[in-house]
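Asks: Below is the structure I would like to discuss, written out as structure tokens.
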Protein chains: 2
Amino acid sequence: MSQMQNVEKQLREMILGLEIGPGERLTERWVESRFGASRTPVRAALLRLETEGLICRDGRGWTVSPINLAELEQIAVYREAVEVAALRLTCTLQDRSAVEIIEAMLDSCDDKTPREEWHRVGRDFHIELARLSGNEFLFRAVRDAMTRLSRARWLEVRDEAALGRAWAEHHAILSAVRAGDADSAARLLSAHIIGSRDRLVTSLRNDRRGLRARGFAVVA
Amino acid sequence: MSQMQNVEKQLREMILGLEIGPGERLTERWVESRFGASRTPVRAALLRLETEGLICRDGRGWTVSPINLAELEQIAVYREAVEVAALRLTCTLQDRSAVEIIEAMLDSCDDKTPREEWHRVGRDFHIELARLSGNEFLFRAVRDAMTRLSRARWLEVRDEAALGRAWAEHHAILSAVRAGDADSAARLLSAHIIGSRDRLVTSLRNDRRGLRARGFAVVA
DNA sequence: GATACCAATTTGGGATACCAAGCTGGTATC
DNA sequence: GATACCAGCTTGGTATCCCAAATTGGTATC
């Protein structure tokens with residue numbers, strides 16, 4: 001793999017994994033030495049991550065994007081639009097076998113699944129569901145939105161009950177799709193996205209003090 | 001303005017203005033000499049334009065993205081999702097004054113408006129309509145989609161009647177929004193987007209031979 | 001003690017040099 | 001005459017150097 005893709009990938013992992021906290025300053029020189037690359041690939045990586053919204057310019061310099069509650073609210077509306085569109089498109093395709101692949105993916109998760117896996121599974125559900133639509137733009141939109149949400153979802157305080165509810169909602173959505181009931185599936189998906197958003201934002205708002213204590217910038 | 005933004009902007013103008021044809025090869029060295037910049041800003045510009053979909057990697061090297069008919073079809077579905085969502089959001093905001101600004105913008109165009117202005121006005125209508133929603137993600141999605149469509153719309157063979165129809169449809173959509181009739185507005189907008197897409201793709205498909213003769217790559 | 005100012009360092013933007021991979025054109029051999 | 005092969009050139013990827021601007025830290029002055 002080229003150095004450029006390597007820096008980009010590793011830096012993205014560090015940001016998404018909160019090894020570099022939201023709001024932290026980044027210097028090109030630090031990234032250079034951290035990954036043993038030179039400035040050109042570092043710059044390319046930073047430019048890419050900027051378009052993903054993971055980092056942003058801070059006057060002269062770079063900052064890991066803070067957790068932005070207003071942005072989280074807006075992303076949910078955006079997700080609702082594109083995910084529901086993708087879902088309806090999938091329903092018209094009548095490709096039930098593909099849906100069953102996702103169901104199997106969900107079923108492979110049980111109580112023994114380690115908690116940190118839930119994060120990835122929850123994200124992949126939405127991404128793979130969008131991929132089924134066959135529309136590259138809807139798919140990318142969902143994938144990019146989930147990437148932007150990733151850190152916030154990781155910080156969210158979720159109890160077992162909340163995880164179980166999300167799991168059940170995912171299954172219910174797939175059942176409706178498999179049954180060919182696009183309207184029900186769309187309604188369930190909308191409610192799931194908006195409900196998740198509300199719980200997410202509430203959780204972060206309540207824990208804002210704790211997050212700041214950990215050095216994480218959270219803006220309204 | 002920095003050199004980097006300058007190269008990016010100028011190169012984008014050249015690509016969107018078809019001064020560099022779809023499918024044409026680009027070398028970093030050529031861009032360097034053309035704009036009198038060195039490789040660093042050129043690289044940055046190319047990376048940005050790649051994320052906008054205006055250029056794409058061609059193995060080793062760069063190519064101005066060909067006109068892709070399948071992509072145009074998919075973009076329309078994507079646009080329908082995000083534009084309708086933005087429209088409905090705008091309706092719930094009940095901000096009629098903002099709508100009237102767009103109406104004024106449209107009204108400022110009359111028969112004396114030069115033809116090349118129609119291209120920009122048609123694009124800006126959709127972008128500004130999305131901006132009204134106040135949702136940054138819906139707005140960006142529409143803006144980026146319209147950018148991707150820009151070259152194809154420029155190549156489209158449109159007669160006066162088609163232009164008048166588009167104009168009328170834009171006005172009808174705004175009237176529905178102003179009347180607070182979200183459902184009608186959404187229906188009109190969907191029909192407008194899909195109808196425009198079908199006419200666009202048909203036009204390009206029919207003229208494919210002519211486009212190739214001009215050196216423009218058009219893929220199915 | 002506060003503040004204004006200056007120098008030194010840091011930092012991102014840009015330019016250039018170098019390299020490896022791949023393409024091209026020509027040539028030599030069969 | 002066709003084909004295989006090799007040299008040279010082109011090109012993107014990477015490293016390094018330079019520069020201007022901005023930040024910083026300290027000092028001198030009020």
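The values are calculated or read from the model by the stated rules, or taken from the named source; none is laboratory data. Only a predicted model underlies this, so the values are computations on that prediction, with no experimental measurement involved. Cβ coordinates were reconstructed from backbone atoms using ideal geometry, including for glycine residues, and neighbour counts include every protein chain displayed. With ligands, DNA and RNA removed, areas are computed over all heavy atoms of the protein, side chains included. Shrake-Rupley method; radii C 1.70, N 1.55, O 1.52, S 1.80 Å.
Asks: Can you tell me which residues in segment A:59-87 are assigned to a loop (DSSP other than H, G, I, E, B) and either open to solvent by 60 Å² or more (accessible area, probe 1.4 Å) or within 16 Å of DNA strand D (Cβ to nearest atom) (or both)?
Replies: First pass over segment A:59-87, keeping only residues assigned to a loop (DSSP other than H, G, I, E, B): A:59-61, A:65-66.
If the condition is that a residue be assigned to a loop (DSSP other than H, G, I, E, B) and either open to solvent by 60 Å² or more (accessible area, probe 1.4 Å) or within 16 Å of DNA strand D (Cβ to nearest atom) (or both), then A:59, A:60, A:61 are the ones that fit.
Asks: For segment A:48-58, which positions are of a type in the set (A, V, I, L, M, F, W, C) and surrounded by 19 or more Cβ atoms within 10 Å (Cβ to Cβ)? Show your work before the answer.
Replies: Applying the first criterion (of a type in the set (A, V, I, L, M, F, W, C)) to segment A:48-58 yields A:49, A:54-56.
Answer for segment A:48-58, where residues must be of a type in the set (A, V, I, L, M, F, W, C) and surrounded by 19 or more Cβ atoms within 10 Å (Cβ to Cβ): A:49, A:54, A:55.
Asks: Okay, next question. Looking at (1) in a helix (DSSP H, G or I); (2) within 27 Å of residue B:21 (Cβ to Cβ); (3) at pLDDT below 95; (4) among the small types (Gly, Ala, Ser), can you tell me which one residue B:164 breaks?
Replies: Status for residue B:164: all satisfied but (2).
Asks: In the list A:191, A:179, which residue meets the criterion of being out of contact with any helix residue (DSSP H, G or I) (no Cβ under 7 Å at 6 or more places or on another chain) and open to solvent by 70 Å² or more (accessible area, probe 1.4 Å)?
Replies: Working: A:191 fails: open to solvent by 70 Å² or more (accessible area, probe 1.4 Å).
So the residue among A:191, A:179 that is out of contact with any helix residue (DSSP H, G or I) (no Cβ under 7 Å at 6 or more places or on another chain) and open to solvent by 70 Å² or more (accessible area, probe 1.4 Å) is A:179.
Asks: Another question, then. Looking at segment A:131-182, which of its residues are more than 13 Å from every other protein chain (Cβ to nearest Cβ) and on the phi > 0 side of the Ramachandran plot?
Replies: Within segment A:131-182, A:180 is the sole residue that qualifies.
Asks: Would you be able to tell me the number of residues in segment B:13-58 that are within 14 Å of another protein chain (Cβ to nearest Cβ), outside any loop (DSSP other than H, G, I, E, B), without any contact (Cβ under 8 Å) to a residue 40 or more places away in the chain and within 10 Å of DNA strand C (Cβ to nearest atom)?
Replies: 6
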